[in-house]
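Step one of this worksheet: look at the structure below.
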Amino acid sequence: MLPQKRHRDFGWLLIVCAGLLPLVLGILCTAIEARHTVSQQQISTANTLLTQAEKMSDNAWDMITELRQYHNQPCAQIQDKLQRAGTLNPYFRSIGMLNGDDISCSSAFGLAHGTLAEMMMQPPPITGKAWWSVSVRGTVGVPTRPAVVFVRQLPDTSGFWAVIDGQYLMDFMHAIGESRGYQMSLQFSGGAVIGSGPSDTSPELYLKSESYQTESSRYPISVNVTVPASELLKAWRQALFIFLPMAAIFSILLMILTANWLRRRISWRDEIRRAIRGRQFSVHYQPVYSNKFQACAGAEALLRWQLPNGEMIRPDIFISAAEAEGMIVPLTQHLLDLMAEDIQSWQVDAGFHIGLNLAAEHLQHPDFITDIEQFAARIKHKQLCITLELTERSLIEDGEMVARKLRHLRAQGMKVAIDDFGTGHCSLTYLLTFPLDYLKIDRGFINAIEGLDVETPVLDAIINLCHKLELDVLGEGVETATQFAYLQQRGVIFIQGYYYARPMDNDQLRAWLSEQGHKPLLVEEHHEPELHHS
Ligand code: C2E
Ligand code: CA
Ligand code: CA
């Protein structure tokens, strides 16, 4: 009872994990997605702000170019024009002219007395350039509101200037960033910071606020857009809101699938165990023809499962289920028991081959040698030749250990065959290094035979290879006289398939052997295959 309970607890854990998986994945993916979306928006907002600042700069420089027409004119004469230009054009706080470091005329104060440094409330930057712009905390007329000062100096020490009100930029930042809670700032030539947006004070738990900085390629403008952690969290929450119902559906589906899978898993295991106890398994035998002796040379044991209601379960299905559920070893042990019982009733010549299929897992099992040796001991008096049929996979997995075990069994007179040859991924080196006797060519290759004179290159290559390696070849699934004749012509010693005989139960086999076992299989005659249904 205990292992069963542990199994069930483990099952619950698996179901819970299956349910959690879409949720956890969803939470992770939405966090990544929210961050990505927010950073895309952040970049696009920064670029919009930069474009706007560039546009304002364009305006300022255009204005300064226009001011050149007043070059060397006295302030009294141009003051009105300056005032009009300053007022009618958007963005400007004031514009004017310079004489050396002094302001010689201003649209705001007319004949202004004061220096540029006084107006900007800070010393002008030393750029060494005739054109420059800088952001400042305020100007003498509006000391509390930031502005951007644009200056063009002429070689004759005169010059022009324009001041753009920072409020325009702040309003713009506000308009594009407020709804998303962005903190935005902008600087001209590393001057005063013109900013907008809340300063984030919310605690940063698992999301950190993200800053993005970019610069203009045309002007000395740099822009910074910071998304506070709270905004990231908001975006994440929104993504979760959309995703969570979907994740919940996935969770439920996955839990149902897992539960079903577990139930089926448990039931296969239990069913096989119960079927062994209830003797629902039996063995059918398919005779193998030897072209050399022109008679039946042996038989392959094939497991059959019949439910109490008479229904048969296909071997490929229950064998792979048994392999997947770790039941193949007990099932093969049961097969050996059944075979040993059947064989007691056989009357066959010494050396008659009995082939049995072995799964890779069994070969690696510590009981493997004992299982086979016990079986061999039980049928010893019949002097049969036991042929172990392995798949290519068996050789690849833990090959060295398997080879050692096979050598041990071969030393006791057993034979080793590779089953379904050509369907796995066995390289030729395995054929050289493994202790092998026979190679069973998969029926897929036999099916490819179209006529006696039509070449079947892959099949021919396999047959030639076997001859070279001195392995005896068996053709599987031979169904027609043509296939049989083709293989016979190319020196294939053993033939197995419906053309010769179908798999049959033990009683049928004994009757068949005594009637047909010693008869040659002739191609010339019109030969109908035996119709023993298995
Ligand atoms: P396999 O080892 O390749 O066995 C030969 C299969 O081909 C058998 O199918 C047999 O009935 C079928 N067969 C024989 N002659 C012909 C023919 O002329 N035409 C056609 N179409 N089929 C033919 P079966 O009995 O259904 O077994 C299927 C597979 O199940 C076997 O393939 C083997 O891989 C596995 N299997 C069966 N019994 C056992 C067993 O006791 N242990 C293990 N490990 N596997 C087994
Ligand atoms: Ca086989
Ligand atoms: Ca086979």
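The values are calculated or read from the model by the stated rules, or taken from the named source; none is laboratory data. In this text the structure is predicted, and so the values were computed from the model without any measurement. Here the Cβ positions follow ideal geometry from the backbone for every residue, glycine too, while neighbour counts run over all protein chains shown. Side chains included, ligands, DNA and RNA excluded: accessible areas come from the protein's heavy atoms. Shrake-Rupley method; radii C 1.70, N 1.55, O 1.52, S 1.80 Å.
In table form, for the structure just shown:
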{"read-out": "Degrees, to the nearest 10: 315-324 long Cα axis against longest axis of the chain", "value": "60 degrees"}
{"read-out": "DSSP bridge pairs, the chain: antiparallel proportion in percent, nearest 5", "value": "70 percent"}
{"read-out": "Cα gyration tensor shape of the range 77-121, rounded if a/c is under 1.5, else prolate or oblate by comparing a/b with b/c", "value": "oblate"}
{"read-out": "Residue-normalised accessible area of the chain, expressed per residue, 1.4 Å probe, Å²", "value": "51 Å²"}
{"read-out": "Value of Rg/Rh across the range 268-508 [Cα atoms, Kirkwood radius]", "value": "0.95"}
{"read-out": "All-pairs Cα distance distribution in the range 16-123, expressed in whole percent, bin size 5 Å", "value": "2, 10, 14, 14, 11, 7, 6, 5, 5, 5, 4, 4, 4, 3, 3, 2, 1, 0"}
{"read-out": "Unit Cα scatterers, Debye sum, the chain: log10 I(q)/I(0) for q = 0.06, 0.12 Å⁻¹", "value": "-0.58, -1.08"}
{"read-out": "Fraction of accessible area attributable to carbon and sulfur, the chain (%, probe 1.4 Å)", "value": "56 percent"}
{"read-out": "Dipole magnitude of the range 268-508, debye to nearest 20 (Cβ charges: Lys/Arg +1, Asp/Glu -1, about Cα centre)", "value": "580 debye"}
{"read-out": "Descending semi-axes in whole angstrom, ellipsoid equivalent of the range 1-264, from the Cα gyration tensor", "value": "63, 14, 13"}
{"read-out": "Vicinal HN-Hα couplings computed from phi for the range 123-135 (Karplus, 6.51 cos²θ - 1.76 cosθ + 1.60; Hz; Gly/Pro x)", "value": "x, x, x, 8, 10, x, 10, 7, 10, 7, 9, 8, 8"}
{"read-out": "In the range 260-301, trypsin sites (Lys or Arg not before Pro) in a DSSP loop with at most 11 other beta-carbon atoms within 10 Å", "value": "ARG279, LYS292"}
{"read-out": "Between 0 and 90°, nearest 10: helix 2-67 axis offset from the chain longest Cα axis", "value": "30 degrees"}
{"read-out": "Within the chain: Cβ-based charge dipole about Cα centre, in debye rounded to nearest 20 (Lys, Arg +1; Asp, Glu -1)", "value": "1720 debye"}
{"read-out": "Rounded to 10°, Cα long-axis angle of helix 328-343 versus longest principal axis of the chain", "value": "10 degrees"}
{"read-out": "Spin-label pair LYS208/ILE252, simplified geometry with 7 Å Cα→Cβ offset, distance in nm", "value": "4.1 nm"}
{"read-out": "The chain, helix-only ellipticity at 222 nm - DSSP H runs n ≥ 4, -39,500 (n - 2.57), divided by all residues, nearest 500", "value": "-15500 deg cm²/dmol"}
